[in-house]
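Comments concern the structure below.
The values are calculated or read from the model by the stated rules, or taken from the named source; none is laboratory data. This one's a predicted model, so the numbers in the text were calculated from it and none came from an experiment. For neighbour counting, all protein chains shown are included, and Cβ atoms are generated from backbone atoms with ideal geometry for every residue, glycine included. All accessible areas refer to the heavy atoms of the entire protein, side chains included, with ligands and DNA or RNA removed. Shrake-Rupley method; radii C 1.70, N 1.55, O 1.52, S 1.80 Å.
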Amino acid sequence: MSDLLVVPGWLGPNRMFNPKQGQSYVFGVFTVTPQRLSYAAADGTVVFDVAPSDATIEWPWWLLGGSRVRVPAGTWILTFGRPFPDAPIPDRDSVHRATTALEQIHQRPAADLVHALVPHDPDLSDAKIGRKVGAQVKAALTA
């Protein structure tokens with residue numbers, strides 16, 4: 001699965017100041033392959049699934065390793081660490097629903113996607129971890 005990067009992520013509104021803070025973010029799983037960029041929310045909804053050429057990803061310094069993702073379906077902030085204390089806390093069920101939604105896209109069982117999840121403990125709450133995962137995503141996008 002070296003061509004597939006699977007990371008936990010929180011998708012939120014495209015703005016720097018957000019009065020609802022973590023309550024406006026949705027936990028899910030973001031995947032990167034040479035052919036696809038995909039995000040599935042914890043409720044099992046595929047929010048986007050696009051070719052990398054159909055996406056623009058920016059890395060504003062104020063997102064601490066997170067990104068702004070622009071795809072035909074919309075523009076969001078995608079963070080790789082829990083952005084606020086009141087943001088959703090991932091659990092096994094939310095990870096399972098998101099990876100199950102991505103099975104068809106990647107032609108791999110959800111269990112394989114969960115096993116590939118970086119890091120293996122999806123309870124990210126530290127900005128340092130978010131920056132580290134963000135660097136891995138950035139590297140995968142430029143590979």
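Laid out as a table, the results:
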{"read-out": "Carbon plus sulfur fraction of accessible area for the range 39-124, probe 1.4 Å, in percent", "value": "53"}
{"read-out": "Highest-MSF residue in the chain out of V26, V50, V95 [GNM, Cα springs under 10 Å]", "value": "V50"}
{"read-out": "By accessible area with a 1.4 Å probe, ligands and nucleic acids excluded, highest first: order of D54, D49", "value": "D54, D49"}
{"read-out": "Estimated 222 nm signal from helices in the chain, with DSSP H stretches of n ≥ 4 weighted -39500 (n - 2.57), rounded to 500", "value": "-8500 deg cm²/dmol"}
{"read-out": "A135-S53 pseudo-label distance in nm [points 7 Å out on the Cα-to-Cβ vector]", "value": "3.2"}
{"read-out": "Most mobile of L64, L102, L78 in a GNM of the chain (Cα contacts under 10 Å)", "value": "L64"}
{"read-out": "Around Q107: net Lys/Arg minus Asp/Glu count, Cβ-Cβ under 15 Å", "value": "-2"}
{"read-out": "Choice from A73, A42, A98 with maximal GNM fluctuation in the chain (Cα, 10 Å cutoff)", "value": "A73"}
{"read-out": "For the chain: rounded, prolate or oblate by the Cα gyration tensor [a/c cutoff 1.5]", "value": "rounded"}
{"read-out": "Per residue value of the accessible surface for the range 6-72 (all protein chains in place, 1.4 Å probe), Å²", "value": "45"}
{"read-out": "Relative contact order for the chain, counting Cα pairs under 8 Å that sit 6 or more residues apart, in percent", "value": "29"}
{"read-out": "Extension gain from L64 to D43, taking 0.36 nm per residue of separation minus the Cα-Cα distance", "value": "5.0 nm"}
